[in-house]
1. Between residue 66 and residue 203, what FRET efficiency comes out of the Förster formula 1/(1 + (r/R0)^6) with R0 = 41 Å and r the beta carbon distance, rounded to 0.05?
2. Counting each DSSP H run of 4 or more residues in the chain as -39500 (n - 2.57), what helix-only mean residue ellipticity at 222 nm follows after dividing by all residues, to the nearest 500 deg cm²/dmol?
3. Using only alpha carbon positions, build the gyration tensor of region 198-273, then give the equivalent ellipsoid semi-axes as the square roots of 5 times its eigenvalues, largest first, whole angstrom.
4. What order, most packed first, do the peptides 234-247, 78-91 have when packing is the mean number of other Cβ atoms within 10 Å of each residue?
5. So how far, in whole Å, is the C-alpha centre of region 135-202 from the one of region 242-296?
6. Using DSSP to define loop residues, name the trypsin sites (Lys or Arg not before Pro) in region 106-192 whose beta-carbon has at most 16 other beta-carbon atoms within 10 Å.
7. Check residue 96: other-chain or 5+ apart residues with amide H under 5 Å from its amide H, H built from backbone geometry?
8. Modelling each spin label as a point 7 Å along the Cα-to-Cβ direction, I'd like the residue 109/residue 2 distance in nm, to one decimal.
Amino acid sequence: MSTAFALLGPTASGKSALALRLAAQYPLEIVSVDSAQVYRGMDVGTAKPAAAERARVPHHLIDLVDPDERYSAGQFRLDAIRVIKEILQRKKAPLLVGGTMLYYRTLIAGLDALPQANAELREAISRQAEQHGWPALHAELGKVDPKAAARIMPNDAQRIQRALEVYRISGAAISALQRGVNEPLPFSIKGFALVPERAELHRRIEQRFDAMLRAGLVDEVRRLTRIHRLNADMPSMRAVGYRQAWSFLEGEIDENALREQGVAATRQLAKRQITWLRSLPGLEPAQNLEDALTRA
């Protein structure tokens, strides 16, 4: 069985730099495992690879949807499997790089079965329907799960409610869950973890957030709000950095608070990512990755 490789770690750990260095030595193509880099136009706050880097080394699963759209872990699994198979067919080594551990876990283990009914959430959906009508909720379903919407009538309250419920609980389209996102992988994956010492990681996080502010994070969010119909509850705008920039633009916080809250939120994100890493099976230290590529 062919093998893909994964380089995982918290934000600001140096994953991208290491991946690019390895790509200069080995025939690699990089597959992003980042739930924020999937959004077009969100470049500064996601530390998205520069155009020159992407021209030098092929990068995949970046710039897939607009910030006012949604993208699920289930869809990531389907897209990642397709892309990895294509890279392997080109006789290259796929290197997954990122810190969205839910995406990685979903890739290697699949998604759980359809979630059980949630009475509170169903009630909330019913209240929405009373205010706006089931056709409006059907239109909402069409944005997050067009395949399900295509086979559900606009007034089929029960099926619309269930499809939206599953999506809001799991972040995955019910159509994806029902069509095989739990099928076995057609390749193996060897995973490696890059986790700097805590003080060093915190230093890098501060440097990176300050660099994002200098590079125009606030202006990026301002521009996105002019182009797209965004609100603070959308997944794109809940991303670390963007959430704080949104609050700044709304006048809820000042520049000092923007910086302080952004750094604090990034540290919290890194802590959660490290906790996730410890729960994932079979990860080796990142220093072993080069040897693995040499043997591949």
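Here, each number is a calculation from the coordinates, and none is a lab measurement. Fair warning: this is a prediction, and the values are worked out from it, not measured in the lab. Because the Cβ atoms are built from the backbone with ideal geometry, glycine has one as well, and the counts that use them run over all protein chains shown.
1. Once rounded, the FRET efficiency stands at 0.75.
2. It lands at -16500 deg cm²/dmol.
3. Each semi-axis is √(5λ); the values are 22, 13, 11 Å.
4. Going from most to least packed, we get 234-247, 78-91.
5. Distance between centres, Cα-based: 22 Å.
6. Answer in residue order: 179.
7. 5, 6, 7, 31
8. It works out to 2.6 nm between the two label points.
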